[in-house]
1. Go ahead and estimate [θ] at 222 nm for the chain from helices alone: -39,500 (n - 2.57) per DSSP H run with n ≥ 4, summed, over the residue count, rounded to 500.
2. May I ask for the angle, rounded to the nearest 10°, between helix 137-150 and the longest principal axis of the chain, with both axes built from Cα atoms and the value confined to 0 to 90°?
3. Suppose every K and R has +1 on its Cβ and every D and E has -1 on its Cβ; what is the size of the dipole of the chain about the Cα centre, in Debye to the nearest 20?
4. Please label the shape of region 188-321 as rounded, prolate or oblate, based on the square roots a ≥ b ≥ c of the eigenvalues of the alpha-carbon gyration tensor (a/c under 1.5 means rounded; beyond that, a/b larger than b/c means prolate, else oblate).
5. With all protein chains present, calculate the accessible area of residue 509 using a 1.4 Å probe and round the result to the nearest 10 Å².
6. Spin-label point model (7 Å from Cα, Cβ direction): what's the residue 527 to residue 322 distance in nm?
7. Residue 562 accessible area, nearest 10 Å², 1.4 Å probe?
8. If you average the C-alpha positions of region 531-599 and of region 96-166 separately, how far apart do those two centres end up, in angstrom?
Amino acid sequence: MEVNVERIRPRLRGDVYVMRVPEGAYIRSNLGGSMLKGASTYEFIQRIAPLLDGTRTLGELCAAAPEASRANLAKLTMLLLGKGYVKNVLDDRPHTLPADLAKTYAANIAFIEYFTESPELRFEHYRNSGIVLAGSGPLLQALTNSQLRSGVRTVSLAPFGELDRDRIAEHLAAARAQDPEQRIAYLDVDSEQLDRIADDAAMVLHVADRPMIERALLLPHTAGSAGSAFAQAVVTGDEAWLGPVIGKDGDVTAWESAWRRLRALAPDLVGADLRDHPEAAPSDFLRGPTVALVANQLCFAAFRHLTGIDPGAGTDHLVRFDLETLETAKHPFLAHPLALPVVPYDPARLAALAAAAPVGDEELARRAVDCVGPRTGVFAEVTERDYEQLPLFVSEVVVSDPVGLAGGPFPVHGCGESVVESRQRAVRHAFERYAAVMVDSRKGDRLYGADVLTGEPVAVDAAEVFPARTAASGDDWTAAVRAAVVAAAAENAAAAVSAATEPLPRLDLDAEQLTPRAARYLKLLRIVDQAFEVHDLSGLLGLPTFTFTTPAATVACTSDLDVDVALEKGLEQTLLAYQSRAANQPGYAPAPVPDLPAHLRGAAGTRPASVTLGEVVAELTRDGGRVVAVPLDHDPLVAELCPFVMRAVVVHG
C-alpha cells in the first residue's frame, strides 16, 4: 500500500535514545527497544533526527533531501513511525507556546506526548489554568514549589494557617530564573470562607498535615459548585492519603465515600469521627523529603488530569503514602451510601428483585473481588490465615463496619470440603453480615418487604428489621425467602428450649438414611472419636430442628424445611466445633447455642417429617400477622453484587 507522504508530519519522540552497536543502531524509548541493522544506520539516524521535529511533512523532508537519499529517508522514517519512535503530528492542534518555554518544559511536554496528541497545546492550557492551592505549613509550601516547577504560570494560594511566605518567595525566585512569567497570588480567603476559594479556578488542591476532615469533606463540594476539579492529600498518623481526583463534573462525594470506607475498617483512626483535629500532632516522619514526595504526587495527579492524560482516572481510589517506609499503594473503594443522597423507595424494586436472574456461589465469589481491599474495602481480606484445614477447610472474611453498628470490623467464616467451597461460603456469609449492619437511617421509620406467600408489598417498622439479628441469602429470590423464613423460625429455638417441660426425643443416626455429605461427616466424627447426641426440637418450632450435644456442651442447633439438610448442617457444625477445639482455634468455632439441659435429653424417637414453607409461616403466625421478607439493600452498590439478602419478620396489623 502506497503511503501519502504529504499526510505524515513526523516528530521524533522526546524519550528516544539511539546507541551505536556493531550490528548498526540500537534505538530505545519508554515503548521498548529495537535493533536496526546496517553499517550506516546509526549515522543516518543521527543526520535525520534534527529534521524530525514535526514542522514539515515527510514529503517536504524528502523534497529537500538529496535525490539519492530520499527513498532511504522515507523508508527509515516509516520504520520508526511503525515502531512508535516517531509520531505523526499532522493532526495536532495549533498552539502559541513560545519556543523558549517549549524547551524549558520539554520533559513535561514529552511526558504528555507519550500518552496523547497535541502535547504543546495541552501543556499551554495547563500552564494557563487557574489552580488554587489550599492548606498550611510545609506541605502547602512544598506543593507550591511543585506547581511552579510543573510550569503553571500563576499559583494561587489560600493559606488556612501558618505559612512561611519567605520560603514561598524563595521557591518563586528559583522558578523565575528559568520562567520569568511565573508569579504567586494570595487569595483573601480563609477556612471560614470556603465558598469563595474556587472562584474562577480550574482545579483546587488541598493539603492537610493532620486530619482536618470537616474541611476535607466540604472542599470537594465547594470546588464542584464552582465547576472546578479537585484533589487533596490528608495526613493522619504516619500515612498520607491522596485523591481521589474529581473532575469538574465529577462525583463530589467521592472523597467522603473513600474516607467512610477507610474508617469502617479503621474506626480508631484519628479523624474517623469526621471532625477536624487541629490538635493532632503531625507525623514525625513528615519532614524534608517526605513532604516534597507527598506534594509531588498530588501535583502530578493534577498535571495528568488537567493535561487530559487520564481525565477519568483516579476517581475510584485513594493512594496511600507511608511516611515512614515511603511505600505507596492504590486503594480502590465503592461509593458509601451515607456519602450519597438517600435512595427513595422504589415500588417496582420488590417485583424486579423477585424476577432477577440467579447469582450462584461461583459468580458471587467473582463479584466479591470488587469489594475486597485491606484499607478501603467492604471486606478487608479473604484468607485461610493459619487455620487448621483438616478435616474441614476453613476460610475467613473480615467485614467492615460501615455505620458503626458492629463495634468495628469483624471476621466471619465459612467451611467446606474444599478451599473453594469454604471461600465461597465465607464470602456469602460476609455479604449477609455486612447487609445486616448496613442501615441507612435516612430511609425513615418504615421499610418495605414482600409477603412471603403472596408477594404483596408490606410496610414494616424499621426497628423490626435493623439491627438485623439474622440475615439470610440465596441464589435467587425464592431461595433467599426460604432461607430467611428458616432463620426467623430458628430464632425462637432458645425460647422454646427454655419453655420445654417434656424430654426431647433423641435421633439415632445409625437408623437414618443420610445424604452422602452427612454420611461422610458422621464417619469423620467417629474416626476422631467425637461422641455426641442429636435431639429433635421439631415439635417445638414447627420445622425440622436438631441440637447436637457433645459430652462438653451443646455445639450446634440447626433448622431447615428439609430434615436431611438440617441434619447435614448439624453434623458439619459438630465436626467444625471438634476441629476448632482440637486445634485450639476458637475463632471459627460455631456460634454459641443454648445448652440442652440433661432433663430434656430424652430417649430415642422417630424421624420428624420435612415441612413446607407455608407450614412454617403458619407456625410463625399462630397469633396472627403475616411473614414479610425485607431486602437488606441499604448499600445499593453492594446489593447489586449480592442482591438476594433479606430478613424475615412477623408483621401484625
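1. Mean residue ellipticity, 222 nm, calculated: -10500 deg cm²/dmol.
2. So the helix axis and the longest Cα principal axis differ by about 50 degrees.
3. Dipole magnitude for the chain comes out near 2020 debye.
4. Rounded is the answer for region 188-321, as its axis ratio a/c remains below 1.5.
5. Accessible surface of residue 509 is approximately 20 Å².
6. Spacing of the two 7 Å Cα→Cβ label points: 4.2 nm.
7. Counting only protein heavy atoms, the figure is 50 Å².
8. Here the two parts' Cα centres lie 67 Å apart.
The values are calculated or read from the model by the stated rules, or taken from the named source; none is laboratory data. Please read these numbers as outputs of a predicted model, since none were measured by experiment. Please note: Cβ atoms are built from the backbone with ideal geometry, for glycine as well, and neighbour counts cover all protein chains shown. Accessible surface areas use protein heavy atoms only, side chains included; no ligands, DNA or RNA. Shrake-Rupley method; radii C 1.70, N 1.55, O 1.52, S 1.80 Å.
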